[in-house]
Amino acid sequence: MAFKLLGSSCYGCDNPVSGKALEAGEDRDKWCDTCHDKLTPITRCEMCGVHTATAMRRCGQCITCPPTWDKLFCVTEYQAPLSGFIHKLKYRRQVWHAKELGSLLARQINDPAPILLSVPLHWRRQLWRGFNQSDYLAGYLQQQFYAYGKSHVTYLPKALSRVKVTRNQMGLNRRQRLTNLRKAFLLSPNAVSLLQNQPHVALIDDVVTTGSTVSEICLLLKEHGVQRIDIYCICRASPVTL
Ligand SMILES: [Zn+2]
Ligand SMILES: [Zn+2]
């Protein structure tokens, strides 16, 4: 929607949006050239979502040790400008950014799963924060799919709960992370019956880094008969390659 006038500022960095950007069509009035370049998709492994030199269905890591999910969709790496919006959303309660982030993510997904779930927070953390950022993202994502004519997509907001207070995953090794998360999540009785043998479900999180959290939930969903699980996240933090 190109309603902004020349001289408007970028949604990502407050720098002026150039005339060139304004003329270029969808959303170019919102982002400056630098931010727009950072939002341009890069080549990834379709399965784990990690940045790869060329686009591929499965990277070497996914062939030898596949993740517990089937495909991962994201907007960018964990980098500016989106890392800044995620920080504002989570820690400064600027929940309105979830709408823009959800809209950017929806454009990456042509064939959405008919059922959306979000990674839950433990009720104590949710009480402290006042909301769950993944829940907001999932709600806006469903709205966006609906706007694109994909009205069969349903978000189940209370399907999952986090029943164990887990330590922050940062700084833990792989084994510690998995022990930390074991039996941390539960499905509601209603969700158990809805998800039984579901062919395609998507799980939404704001950022996927090691993948341990979504992985643990995928194991639970597959135990209940879900056949294919996609991960939808705003940022996929790829491991640093040497
Ligand atoms: Zn910018
Ligand atoms: Zn991979």
- Message: Can you report the number of residues in segment 187-210 which are closer than 29 Å to Thr76 by Cα and either open to solvent by 10 Å² or more (accessible area, probe 1.4 Å) or free of Cβ contacts under 8 Å to residues at least 60 places away in the same chain (or both)?
- Response: 7
- Query: Inside segment 47-69, can you point out the residues that are open to solvent by 50 Å² or more (accessible area, probe 1.4 Å) and either in contact (Cβ under 8 Å) with a residue 24 or more places away in the chain or polar (S, T, N, Q) (or both)?
  - Reply: His51, Thr54, Gln61, Thr64
- So which pairs qualify, if the first residue must be in segment 116-135 and of a type in the set (Asp, Glu), the second must be not in a loop (DSSP other than H, G, I, E, B), the Cβ gap must be under 7 Å, and the two must be at least 6 apart or on different chains? Asp135/Ser118
- Scanning segment 60-94 for residues that are in a helix (DSSP H, G or I), more than 25 Å from His36 (Cα to Cα) and not polar (S, T, N, Q) gives Gly60, Cys62, Ile63
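Check whether at least one residue in segment 116-123 is over 26 Å from Pro81 (Cβ atoms) and either assigned to a helix (DSSP H, G or I) or touching a Ser or Thr at 6+ places or on another chain (Cβ under 6 Å) (or both), and report yes or no.
In the first step, residues of segment 116-123 are kept if they are over 26 Å from Pro81 (Cβ atoms); the result is 117, 120, 122-123.
Right, trim to either assigned to a helix (DSSP H, G or I) or touching a Ser or Thr at 6+ places or on another chain (Cβ under 6 Å) (or both) and you get 120, 123.
For segment 116-123, residues over 26 Å from Pro81 (Cβ atoms) and either assigned to a helix (DSSP H, G or I) or touching a Ser or Thr at 6+ places or on another chain (Cβ under 6 Å) (or both): present.
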- Query: Would you say Arg125 is under 25 Å from His200 (Cα atoms) and open to solvent by 80 Å² or more (accessible area, probe 1.4 Å)?
  - Reply: no
- Item | Scan of segment 150-172 for residues that are modelled with pLDDT of 75 or more and either polar (S, T, N, Q) or open to solvent by less than 60 Å² (accessible area, probe 1.4 Å) (or both), ordered by number | Lys150, Ser151, Val153, Thr154, Tyr155, Leu156, Ala159, Leu160, Ser161, Arg162
- For the subset of segment 81-109 comprising residues that are under 19 Å from Asp230 (Cβ atoms) and open to solvent by 30 Å² or more (accessible area, probe 1.4 Å), which member is nearest to the chain's Cα centre (by Cα)? Gln108
- Filter segment 87-116 down to residues that are out of contact with any helix residue (DSSP H, G or I) (no Cβ under 8 Å at 6 or more places or on another chain) and more than 19 Å from Val208 (Cα to Cα), then give me how many there are. 5
- Note on the structure: Within segment 1-44, the residues that are open to solvent by 70 Å² or more (accessible area, probe 1.4 Å), at pLDDT 85 or above and among the basic types (Lys, Arg) are Lys38
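Wholly within segment 168-230, which helices (runs of 4 or more DSSP H) include no fewer than the required count, namely at least 2 residues that are within 22 Å of the chain's Cα centre (by Cα) and outside the structural domain of Asp135 (by TED's automatic domain parsing)?
174-181
The values are calculated or read from the model by the stated rules, or taken from the named source; none is laboratory data. Treat the numbers as computed from the prediction; the structure is a model and nothing was measured. Neighbour counts run over all protein chains shown; Cβ positions are idealised from the backbone, glycine included. Surface areas here come from the heavy atoms of the whole protein model, side chains and all, with no ligands, DNA or RNA. Shrake-Rupley method; radii C 1.70, N 1.55, O 1.52, S 1.80 Å.
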